[in-house]
Amino acid sequence: KTAGGGRRRSGTGNKKSSAEMPPLGMDDATAEAIAASAVDIATGGDGDVKAPGERKSADPRFKQFHEDRWDYMLSEMLEFREANGHCLVPHTFPANPQLARWVERQRRQYKLMNDGKTSTMTPERAAVLEQEGFVWDSHDAAWKEKIGDLRRYRAQTGHTLVPSSYKPNPHLATWVKCQRRQYKLYLGKISLLVHVFCSGQIKPLHHAMHSENVSQHFIFCLTF
């Protein structure tokens with residue numbers, strides 16, 4: 001059981017083990033070694049996830065109460081997943097603001113670890129979070145979720161012209177308006193760059209380049 005009295009889930013069933021789900025941003029060989037090590041550390045080598053107080057940290061920076069606290073917050077996230085079907089805890093989550101802050105902290109610390117900076121994230125913790133379906137990029141996940149909603153709306157109506165006040169899914173209506181606004185801003189920036197370039201305010205690095213090649217180079221830069 002966790003420090004909060006709940007039972008820690010071991011991710012059994014059809015879920016992949018942490019050894020099969022390596023942390024993001026690592027090559028396969030490194031990820032496999034890290035995942036295998038994480039499983040040994042978390043299970044004590046016998047295949048069973050240890051309860052707080054039994055599992056010892058391999059990182060000398062952490063005392064046992066640090067591990068117990070981390071395990072407790074993990075159990076809170078798993079309870080959220082059980083209730084909602086995913087681990088995408090909102091940035092503002094009134095029901096459990098402490099969990100929302102903890103989730104954001106894991107993302108921030110994970111980035112620091114991948115950047116080679118001092119971080120409280122460890123390969124073991126990253127592997128455990130990966131196993132449980134943790135969402136590292138919340139913005140990308142939210143965008144994909146709304147794209148799914150838009151596709152379902154199109155399948156039902158035959159178009160993507162979501163009304164400004166769409167009562168069945170007001171969040172989708174707001175998101176669609178935001179995409180239109182952002183697209184206009186994007187076109188405005190492109191238009192400004194084209195104007196500055198064509199007016200001669202930006203000179204090609206190689207003056208000997210033919211105009212056709214310069215245009216192609218400019219388009220290539222805008223693409224990326």
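The listed peptides 138-144, 102-108, ordered by packing as a protection proxy, come out as 102-108, 138-144 (highest mean of other Cβ atoms within 10 Å first). For region 116-133, 3J(HN,Hα) computed residue by residue from phi via the Karplus equation (6.51, -1.76, 1.60; θ = phi - 60°) reads x, 9, 4, 8, 7, 6, 10, x, 5, 5, 4, 5, 5, 5, 4, 4, 8, x Hz, glycine and proline entered as x.
Using bins of 5 Å that start at zero, the share of Cα-Cα pairs per bin across region 139-201 amounts to 4, 16, 19, 19, 13, 8, 7, 7, 4, 2, 0, in whole %. Distances between placed amide hydrogens fall under 5 Å for residue 166 paired with 173, all partners being 5 or more residues away or on another chain.
Each value in this text was obtained by applying a stated rule to the coordinates, not by laboratory testing. Keep in mind it's a predicted model, so treat the numbers as computed, not measured. Using ideal geometry, Cβ is built from the backbone for each residue, glycine included, and neighbour counts are taken over all protein chains shown.
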